[in-house]
Amino acid sequence: MTKQLHILNGFATYHLFKEAGIAGDVCVWDEILSEGPCTYHIANDNFWKVRSDFVSQTFGRAASEYETVIEHFSRIRAFEQYEELVLWYEYDLFCQVNLMALLSWLYSAKAYNKAKIHLICVGKESGYDQLVGLGQLPVRKYPELLENRIELSESCLAYADDIWSAYAGDDPRELVAATIPHPVFTYLSDAIQAHFKRFPDQSGLNEIEKELLSYIGQHQPLKLDQLVRHMLQWQHYYGFGDLQYYVYIKKLGDLVAFESGTLSLTDQGAMALKDGIDRQQYPDLNLTLGGSTTSLFYRNGTTLYPS
């Protein structure tokens, strides 16, 4: 029997995977590289420091908690022990960015010379009217997914390396090429277009900020958990969890008022929604995404221009 290492995108998948009884070793690498600063070279001391600082400062987690992420990657470092690596991922931005980073690392390590690398990436699945993740599929589907896995060639890994290099670079316009559909990474194009929508358009707001302000304005006073629940249902290609939306809401600052457990728009928030903002006056809204910052670019369709 081929010795396999299954690399999973999160612990929700892990529990279903174990229930499915699939043979092989398992590693969960659930970094959140779609948020915050990244460097091209991953899994070295500088990368771990950059990521640990961001995660602890942004999500309020102790730096020691991040050690588990580093520890889990040690299993991936030991790829030479395996004949096959099987990557289990999903269609959303969260997964696609992590996937490109991991494949870039495997490409640099020339892992393809030691083990076959296969990809399972779900999204458009038969029997479902909408995109679904691994956690939404019944356990009985997992062996079928494994049977239909796709082998990744060296050229596929080289392509992923190019995409990750662009994502970690300081000019997001280098990612425009990734909006062209790829025959193997079929969900990457839509995920990168979702990434571009996190940059502000000419209104000074990005898509997520607009949706937050709009929904608050339509339903104020609005409970925080109701807003987050709406955002989780509204999102398509982001793959965000509730913590990420809490951070986005907090960054709105004086555009919203939070009183007695409810949210409402301030006068500034109502004006921002109607007339836009000068983003330079709201530094908390500026995001570092990969190697670039949203304070330096605005969006026009899928093409970014310097502001």
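From the backbone phi of segment 112-127, what are the Karplus-calculated ³J(HN,Hα) couplings (6.51 cos²θ - 1.76 cosθ + 1.60, θ = phi - 60°) in whole Hz, Gly and Pro given as x?
For segment 112-127, the Karplus-derived couplings read 5, 7, 10, 9, 6, 10, 10, 10, 10, 9, 9, x, 8, 10, 4, x Hz, x marking Gly and Pro.
Pull out the extension gain between residue 176 and residue 242, defined as 0.36 nm times the separation in residues minus the alpha carbon to alpha carbon distance; nm, one decimal.
20.9 nm
Can you give the extra length, in nm with one decimal, that the chain gains between residue 250 and residue 59 once fully stretched, where that is 0.36 nm per residue apart less the Cα-Cα distance?
67.6 nm
Amide H neighbours of residue 297 under 5 Å, at least 5 residues apart or on other chains, H built in the peptide plane: list them.
Long-range HN contacts for residue 297: 307.
May I ask you to list the aspartates and glutamates whose Cα is less than 15 Å away from that of residue 223, ignoring any residue fewer than eight positions away on the same chain?
Candidates past the 8-residue exclusion: 242, 259.
Given H placed on each backbone N at 1.01 Å, which residues far from residue 266 in sequence or on other chains put an amide H within less than 5 Å of it?
256, 257
Using alpha carbons only, how many angstrom separate the centre of segment 14-48 from the centre of segment 95-115?
Segment 14-48 and segment 95-115 have Cα centres separated by 12 Å.
List the DSSP H helices in the chain whose Cα atoms stretch 20 Å or more along the helix axis and whose mean Kyte-Doolittle hydropathy is at least -0.5.
Sorted by number, the helices that extend far enough and score high enough are 93-108, 154-168.
Which GluC sites (Glu not before Pro) in segment 1-101 pass both tests, a DSSP loop state and at most 15 other beta-carbon atoms within 10 Å?
Filter output for segment 1-101: 83.
Specify which labelled value, from (1) 21.0; (2) 20.5; (3) 19.7, agrees with Kirkwood radius over Cα pairs in Å derived from the coordinates of the model shown.
Computed from the coordinates, Kirkwood radius over Cα pairs in Å corresponds to (2).
Over segment 1-78, what is the relative contact order in percent, taking alpha-carbon pairs closer than 8 angstrom and at least six residues apart?
28
How much of the DSSP beta bridge set in the chain is antiparallel, as a percent to the nearest 5?
45
Regarding segment 103-148, what's the average projected area of the Cα-atom convex hull, expressed in nm²?
4.2
Under 5 Å between amide hydrogens, which residues at least 5 positions from residue 122 or on another chain qualify, with H placed 1.01 Å from N in the peptide plane?
Under 5 Å from the amide H of residue 122 lie the amide H atoms of 89, 90, 91, each far enough along the sequence or on another chain.
Going by average Cβ density within 10 Å per residue, which order do the peptides 136-149, 244-257, 96-109, 172-185 take, highest to lowest?
Output ranking for 136-149, 244-257, 96-109, 172-185: 96-109, 244-257, 172-185, 136-149.
Would you calculate a helix-derived [θ] at 222 nm for the chain, using -39,500 (n - 2.57) for each DSSP H run of n ≥ 4 and dividing by the full residue count, to the nearest 500?
Helix-only estimate at 222 nm: -12500 deg cm²/dmol.
Return a whole-number percent for the relative contact order of the chain, with Cα pairs under 8 Å and 6 or more residues apart as the contact set.
Normalised by residue count, the contact order of the chain is 20 percent.
Residues with beta-carbon under 14 Å from that of residue 93, excluding residue 93: net charge, scoring Lys, Arg +1 and Asp, Glu -1?
-4
According to the Cα gyration tensor, what semi-axes, each the square root of 5 times an eigenvalue, does the equivalent ellipsoid of segment 72-177 have, listed from largest to smallest in whole Å?
Its equivalent ellipsoid spans semi-axes of 24, 20, 11 Å.
For segment 1-68, which trypsin sites (Lys or Arg not before Pro) are in a loop by DSSP, counting at most 16 other Cβ atoms within 10 Å?
3, 61
Probe of 1.4 angstrom, ligands and nucleic acids ignored: what's the accessible area per residue over the chain, in square angstrom?
That works out to 46 Å² for each residue.
Over segment 196-307, what is the mean sequence separation of C-alpha contacts under 8 Å (at least six apart), divided by residue count, expressed as relative contact order in percent?
Taking the mean separation of contacting Cα pairs over the length of segment 196-307, I get 34 percent.
Tell me, what is the FRET efficiency for residue 147 and residue 293 to the nearest 0.05, using R0 = 41 angstrom and their Cβ-Cβ distance as r?
0.40
Just flag the chymotrypsin sites (Phe, Trp or Tyr not before Pro) in segment 109-164 sitting in loop per DSSP whose Cβ has no more than 13 other Cβ atoms within 10 Å.
128
Using a 1.4 Å probe on the protein heavy atoms, what percent of the accessible area of the chain belongs to carbon and sulfur?
47
Give me the net charge of residue 43's neighbourhood, meaning all other residues with Cβ under 13 Å from the Cβ of residue 43; Lys, Arg count +1, Asp, Glu -1.
Net local charge, residue 43 excluded: +1.
The values are calculated or read from the model by the stated rules, or taken from the named source; none is laboratory data. Since this is a predicted model, take the numbers as computed values, not measurements. Positions of Cβ are backbone-derived with ideal geometry, glycine not excepted, and every protein chain shown enters the neighbour counts. Side chains are part of the model used for accessible areas, which takes the heavy atoms of the whole protein and leaves out ligands, DNA and RNA. Shrake-Rupley method; radii C 1.70, N 1.55, O 1.52, S 1.80 Å.
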